[in-house]
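Since the structure comes first, as structure tokens, the remarks are kept for the end.
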Amino acid sequence: MAMLEKIRKIEALRSELMQGGGAKAVDRQHRAGKLTARERIEKLLDRGTFYEIEMFLKPAETGIGIDKKTMRGDGLISGYGEVNGRPVCVWAQDATVFGGRAGIVHGAKIVTLLERALKARIPCVGLIDSQGVRVEDMITMPTNYSYDRLLYIQTVASGVIPQISLIMGPCLGAAAISAQLSDFVFMVRDVSYTYISSPPEGVSSDKMGGADMHFKNSGCCDVLADGDEDCLEKARELLSFLPINNSEKAPDIDTGDDPNREVPELFDIVPVDSKKAYRVHDVIIVIADNGRFFEIRGGWATNLVIGFARFGGKSVGIIANNPQVLGGCLDVDSADKLARFVRFCDAFNIPLVYLADTPAFLPAIEQEHKGIIRHGSKAIFSNSVATTPQIQVYLRKCYGGGTLAMPGNTLGGDFGLAWPTTELLLMHPEGAVAIIYRKEIKSADNPNEEFKKRLVEFKNAGAVENVWEAKKLQDYINPKDTRSKIIRTLRILEGKKEETYWKKHDNMPL
């Protein structure tokens, strides 16, 4: 009977803790348009797979008034579960308990879970909804264990297991840095916000660090969701593209899409005239399995498009110039965007497919002042050290520094495929003719006609029209075969293994 009595006592306490901060606090959370921490976990994980740990831990004793309001679990729910049948660790801050503020035990629970995720080599997802640190804990304890140790463990885990942060409410101070140390950051429109320092008087939290601002302006938000459920569903989808650790491959999925499917729609999407704009998303959608593309940082540096798709059921990272914005030129932000994504895909053995159509780096005084040399070097460095399979598809133009940022096989790329419209040159043919034949054009009776004549001669000489003779290319392809050629090349490169020189680590330009 003593055993049964203890069991009843534990189960009663468990049932009480499942209610969070109480009915009123839960109602406030719902009225704010947000799910509770437990509801979020239930929707993120496969039904019935959540195994909670450290539920009964008591908060640290502070010796001051807050001790009377103490709740076991310390406002942090953590444990294991599955997403799409694969293991994952998950923690969620409970905004109904102390406003989700992080205390000593609260932080220690996150650290413990991440350490366990690292040992088990499985992804870790954090659901953030906190009004900051619990001041009472921080005043009475000698160290802010809740974040200093967490930041360290996140760094150790980087490149070993996928880390995803879902900001579903406030994310302030050190928590904002912690979120950015993850591989991907999700935010919820009109609900979540994040910043290091508090807004000045008269400035709203949303204006200081709202989801839309970070998605469009700062690049600190990888995925913008329209609500809690949308955020959780998108997180599930992203995880489906990723391996569970750096020693595994992303799962192959039978999408039912014919790997030999021709794509004649490309003739209508991409104009032959390299000066005409088009939306590169339309290219990605028609060549990817079932037209599905999971875009990353879709609101920031939109002259470059990155994200995940499947080809023949295999997960692939896409990097594509977008001629609809800045003519597809690269700038400081898009260079950072490219570098970060390449580093992630390389760390987790996800093949990269580049869709190149760029006039090179944006020529502007402002860009030089912002350090385009340094930022551009990040992109080129990332491409060069990557050992994951890299396929380049040249849709139209790729001039100057663009051939470095969208790398050929001389920069570590494995396979170059060219459309008939491809121009691999130092600059646009018109610019080249204007320089090479400057004197002849200037002295001609009709400079305009002389320029046109020289342009035709230049193009017919072979440098432009016979691009498939270039060493950077392995095949000249019909655009309608783009999808099938990518899939075939991915199969060829599936067993790629590249040995590198031993080093403690590289010294990437930052």
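Values quoted throughout were computed directly from the atomic coordinates according to the rules given, and no laboratory measurement underlies them. Being a predicted model, the structure only gives us computed values, none of them experimental. Glycine also receives a Cβ, built like all others from the backbone with ideal geometry; neighbour counts cover every protein chain displayed.
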Review point. How much net charge surrounds Phe293 when only the other residues with a Cβ under 14 Å from the Cβ of Phe293 are counted, with Lys and Arg +1 and Asp and Glu -1?
Key: +1
Point to revise | Peptide ranges 358-369, 324-335, 232-243, 164-175 listed from the most packed, as the mean C-beta count within 10 angstrom indicates | key: 164-175, 324-335, 232-243, 358-369
Check your understanding: Between their Cα atoms, which of Lys276/Lys480; Lys43/Lys249; Lys34/Lys58; Lys216/Lys378; Lys378/Lys439; Lys370/Lys496 are more than 28 Å away from each other?
Key -> Lys378/Lys439; Lys370/Lys496
Exercise for review: Read phi for every residue in region 6-20 and hand back ³J(HN,Hα) as whole Hz from Karplus 6.51 cos²θ - 1.76 cosθ + 1.60, θ = phi - 60°, with x for Gly and Pro.
Suggested key: 5, 4, 4, 5, 5, 5, 5, 5, 4, 5, 5, 5, 5, 7, x
Study note, to complete from the structure: Listed by chain and number, the residues whose amide H is under 5 Å from that of Gly103, excluding neighbours fewer than 5 places away on the same chain and using placed H, are Arg134
Revision key, fill the gap. The FRET efficiency for Arg491 and Ala2, from their Cβ-Cβ distance with R0 = 45 Å and rounded to 0.05, is 0.10
Revision key, fill the gap. Among the Cα-Cα pairs of region 219-309, the proportion with separation greater than 16 Å, in percent, is 67 percent
**Study point:** Residues in region 362-381 that a label on Thr302 would reach, taking backbone N under 19 Å of a point 7 Å out along Cα→Cβ
**Key:** 362
Review point. Once phi is turned into θ = phi - 60°, what whole-Hz ³J(HN,Hα) does the Karplus curve with 6.51, -1.76 and 1.60 give for every residue of region 256-262, x standing for Gly and Pro?
Key: x, 8, 4, x, 9, 4, 7
Check your understanding: What list of ³J(HN,Hα) couplings, whole Hz, do you get for region 323-330 from phi and the Karplus terms 6.51, -1.76, 1.60, once you set θ to phi - 60° and write x for glycine and proline?
Key -> x, 6, 10, 6, x, x, 4, 9
Revision key, fill the gap. Relative to the chain, whose Cα atoms define the longest principal axis, helix 447-460 and its Cα axis are tilted in degrees, nearest 10, by 80 degrees
**Study point:** Cα-only radius of gyration and Dmax that characterise the chain, units Å
**Key:** 26.5, 111
Revision key, fill the gap. Taking a straight Cα-to-Cα line shorter than 19 Å from Lys452, and setting aside same-chain aspartates and glutamates fewer than 8 residues away, one finds Asp273, Glu423, Glu430, Glu440, Glu465
Check your understanding: What fraction of the DSSP beta bridges in region 11-241 is antiparallel, stated in percent and rounded to the nearest 5?
Key -> 40 percent
**Study point:** Cβ charges +1 (Lys, Arg) and -1 (Asp, Glu), total dipole of the chain, debye
**Key:** 740 debye
Check your understanding: Measuring from label point to label point, each 7 Å out along Cα→Cβ, what is the Leu510 to Glu295 span in nm?
Key -> 3.0 nm
Exercise for review: Work out, step by step, the length gained on full extension between Lys453 and Ile365: first 0.36 nm times the residue separation, then minus their alpha carbon distance; give nm to one decimal.
Suggested key: 28.4 nm
Point to revise | Förster-model FRET efficiency, 30 Å R0, Ser198 and Arg31, C-beta, rounded to 0.05 | key: 0.75
